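Student: Sharing a structure with you now.
Coordinate-derived values only; no laboratory data. Being a predicted model, the structure only gives us computed values, none of them experimental. Using ideal geometry, Cβ is built from the backbone for each residue, glycine included, and neighbour counts are taken over all protein chains shown.
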2 protein chains.
Amino acid sequence: MRGKGGRQTIRDLAAMAGVSISTASKALNDTGRMGEETRQRVKRVAREIGFRPNALAQGLLSKRSFTIGLLTNDTYGRFTLPVMAGVSEALVDRGVSVFLCAIEDDPALGQVHVDAMLDKQVDGIIATGKRVDRRLPIDLSDVPVPVVYAFTEGGPDSVSFRSDDAHGATLAVEWLKASGRRRIVHVTGPEDFFSVRERSGAFRAVIGNGATVLFGEWSETWGRDAVDGIWSSPGEKPDALFCGNDQIARGAVDALRERGIRVPEDVAIVGFDNWEIVAAQMRPPLTSVDMDLKELGRQAGLTILALAEGQPVEPGVRTLPCRLVVRQSCGVGSPETEKRR
Amino acid sequence: MRGKGGRQTIRDLAAMAGVSISTASKALNDTGRMGEETRQRVKRVAREIGFRPNALAQGLLSKRSFTIGLLTNDTYGRFTLPVMAGVSEALVDRGVSVFLCAIEDDPALGQVHVDAMLDKQVDGIIATGKRVDRRLPIDLSDVPVPVVYAFTEGGPDSVSFRSDDAHGATLAVEWLKASGRRRIVHVTGPEDFFSVRERSGAFRAVIGNGATVLFGEWSETWGRDAVDGIWSSPGEKPDALFCGNDQIARGAVDALRERGIRVPEDVAIVGFDNWEIVAAQMRPPLTSVDMDLKELGRQAGLTILALAEGQPVEPGVRTLPCRLVVRQSCGVGSPETEKRR
DNA sequence: GTCAAATGAGAAAACGTTTTCTCATTGAAA
DNA sequence: TTTCAATGAGAAAACGTTTTCTCATTTGAC
């Protein structure tokens, strides 16, 4: 089936089809002039021997490698995985492959990876991280190929993508209000996170005067502590909590249960991130805002492709809408549903 | 700094250094014969203009692309991430880049990715998955490049890597025994998982007659249910639980706390997977078996490299030892420590 | 029957390297 | 001086494609 050495080259194909190399090439690419019979014969032989052109040779000539680099400093997190999957999905059927480069937070390692990618003639680079308001440890503004940023801070004139956290928060709070909750408290992460400010800002905008926002850390512990703090101090208690992430929500639900407070009857809970493995397994399952990171990755992939093909792309930050994945923690007994508006 | 078009080629370099292309090449690669002065001059100019050879051209000639493919069907899981990081880490400083291919469970998609990788002349393929006893949805036994399997089932004569779960389980149980626990119960996942059988087999081997193993699912709920089942039936209660993963452990700890049973004073708990985000945040922090997946990835990377270079590698399954990461859930109040033997 | 245009197909150059071969110059030994 | 080996460096082929030319043949119109 296969030649003794490596794979079949177009040379072999041409010989087998009884034509010249140039004719073989033109036949396969539907270019040039030749008899229809010849073209079909070449194609048939190509199919029979399973000929596939060597991408290295093609790239050398065309100066397009159909390869892009994906740089990430988030080796363990749950954010980049969906982004990567989205990028990969968007590009695979255009024949573009993705180099994965895990650079931790090491600038030297980052440089090594970037150099390697450029040596391999990537058509573009997607930078992605674990936090929307932090830059990667390496400067990409001078690389000679297009760059797109996804879920990480880009330079001033760069193209970047992030989720619209304000939209996500609005979705969550509007939903709680629509289901009759009136005293909603926002328990979230450290205020120096951009996304925390976005979410809390939107929360305040919807609630209006007297909105209560509690900043803390991204942990279950903080969720518990927040609940303990609220319920052990005097005054009217909330009938809903909008939590900054799913772990905080988890802690809050646990603390409420320990106090004998029912979720969702007494207090409705909404989380953020829709981290399935947590949100769906909680009892009750957690309603949560999904940032649709896979779609974000898809968009980033399509954009880097457009740039690589020379199409103009307006610089700036593009925000993608979130989805609210409704589960039982906010009072809807029905099976899982989804809200986008 | 850079030429008007793309990057500087060896042609430009040769012109600038006042030598021929061949001399330039030989100078850079420390091959061929030439005056030391010439060699240094070429190297200096190369450094000055930041010359880097085009890997596509090199690959075309050498038939080595310094590129490998990493195939995974685990897009969201927490297992492949460390494996990928390990692979990447092992290869980056040998100048080898990694193609990430997320194929879900779709054979067609898998074939597309494999074809794309072969077109791009990868030097080898690492297949990795989410379960050690399941195959990827695509057959790799016929690809014309070396293949290594990591954390997924390989073919009969393949090279594969997995963690030594029996060793991990032994480590855990020995540790519990050494700290004085006598009535240890194993609460674990579904018996049709290979790793479940490995772990429970080792558990039984260490405990001997009368070992209690409870099979269930990989969820917190099962952990709770198991505890409820044990403590609500008559008879002597365990003084330690060895759980099949960290989620089960988490459920067990929660259920124990609700019953007023103290961890670790009354019951010691050890988990499996050392899923940091769960294990370290639990209260008390969870002692857990770490499969050292990053090291597994590293080994897989080094092996595929050896194969790509034509070195002989014995086929078979290689198992890597686990580590026990000791935290407070099993009675050691001291800071986090680690056991390997 | 003549000529131009259309058609079919191959030759050759190009992409950016590495490597082998060739050749002129130098230095030393005879 | 002559001869040989060693030295320094360039020419050219090769890797596997694509693309631009070129050329011979056929077709059609007059």
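Student: So what are region A:1-75's ellipsoid semi-axes, whole angstrom, largest first, if each one is the square root of 5 times an eigenvalue of the alpha-carbon gyration tensor?
Tutor: Semi-axes, largest first: 30, 16, 10 Å.
Student: State the residue of chain B whose Cβ is nearest the axis carrying B onto A, and the distance in whole angstrom.
Tutor: Axis relating chain B to chain A; nearest Cβ residue and distance: B:100, 2.
Student: What is the Cα coordinate range of region B:10-53 on the first, second and third principal axes, sorted by size from largest, in whole angstrom?
Tutor: Extents along the principal axes, in whole Å: 23, 17, 15.
Student: Apply the Debye scattering formula to the protein assembly as shown, with a single equal point scatterer on each alpha-carbon and no solvent, then give log10 I(q)/I(0) at q = 0.08, 0.10 Å⁻¹.
Tutor: Values, matching the q order: -0.72, -1.04.
Student: Whose amide H sits under 5 Å from the amide H of residue A:212, counting only residues 5 or more places off or on another chain, with H placed in the peptide plane?
Tutor: A:186
Student: Treat region A:174-260 as a sphere of radius equal to its Kirkwood radius over Cα pairs and apply Stokes-Einstein at 37 °C in a medium of 0.692 mPa s; give the translational diffusion coefficient in µm²/s, rounded to a whole number.
Tutor: In µm²/s, the coefficient rounds to 253.
Student: Ordered shortest first, which distances in nm separate the 7 Å Cα→C-beta label point of residue B:34 from those of the other copies?
Tutor: 4.1
Student: Would you mind calculating the relative contact order of region A:1-71 from Cα pairs under 8 angstrom and at least 6 residues apart, reporting the percent as a whole number?
Tutor: Once normalised by length, the contact order is 30 percent.
Student: Please state the charge dipole magnitude for region A:1-49, taken about the Cα centre, from unit charges on C-beta atoms (+1 on K and R, -1 on D and E), reported in debye and rounded to the nearest 20.
Tutor: The calculation lands at about 160 debye.
Student: Give the long-range amide H neighbours of residue A:97: residues separated by 5 or more places, or on another chain, with amide H under 5 Å away, using H modelled in the peptide plane at 1.01 Å from N.
Tutor: The answer is A:67, A:68.
Student: For a 28 Å ceiling on Cα separation, which of these pairs sit above it: A:26/A:294; A:43/B:130; A:43/B:120; B:237/B:294?
Tutor: From the list (A:26/A:294; A:43/B:130; A:43/B:120; B:237/B:294), the Cα-Cα distance tops 28 Å for A:26/A:294; A:43/B:130; B:237/B:294.
Student: Semi-axes of chain A's equivalent ellipsoid from the Cα gyration tensor, sqrt of 5 times each eigenvalue, largest first, rounded to whole Å?
Tutor: For chain A, the semi-axes come out at 52, 21, 17 Å.
Student: Please report, for residue B:134, the nm distances (one decimal) from its label point, 7 Å out from Cα along the beta-carbon direction, to the equivalent points in the remaining copies, shortest first.
Tutor: Label-point separations across copies, in nm and ascending: 3.2.
Student: Report, in deg cm²/dmol and to the nearest 500, the calculated mean residue ellipticity at 222 nm for chain A, where each DSSP H run with n ≥ 4 adds -39500 (n - 2.57) and the sum is divided by the residue count.
Tutor: That comes out to -12500 deg cm²/dmol.
Student: Follow-up question, since we're still on this one. What are the residues whose amide H is under 5 Å from the amide H of residue B:160, where those residues sit 5 or more places off or on another chain and H is modelled from the backbone?
Tutor: The list, which skips near neighbours in sequence, is B:149, B:316, B:317, B:318.
Student: Which of A:316, A:172, B:282 sits closest to the plus end of the dipole of the protein assembly as shown, meaning its Cα is farthest towards the positive end, when Lys and Arg get +1 and Asp and Glu get -1 on the C-beta?
Tutor: Working it through, the farthest residue towards the positive pole turns out to be A:316.
Student: While we're here: Compute, for the protein assembly as shown, the length of the dipole vector about the Cα centre, with Cβ point charges of +1 (Lys, Arg) and -1 (Asp, Glu) only. Units Debye, rounded to 20.
Tutor: It works out to roughly 1580 debye.
Student: On to the next question. Kindly point out which whole DSSP H helices in chain B project their C-alpha atoms 24 angstrom or further along the helix axis while averaging a Kyte-Doolittle hydropathy of 0.5 or above.
Tutor: None clear 24 Å together with a mean of 0.5.
Student: Between copies, how far apart are the residue B:157 label points? List them in nm, one decimal, shortest first, with each point 7 Å from Cα toward Cβ, please?
Tutor: The answer, with the shortest distance listed first, is 5.9 nm.
Student: Can I ask one more? According to a simple spin-label model (label point 7 Å from Cα along Cα-to-Cβ), what is the distance in nm between residue A:131 and residue B:30?
Tutor: With each label placed 7 Å out from Cα toward Cβ, I get 4.2 nm.
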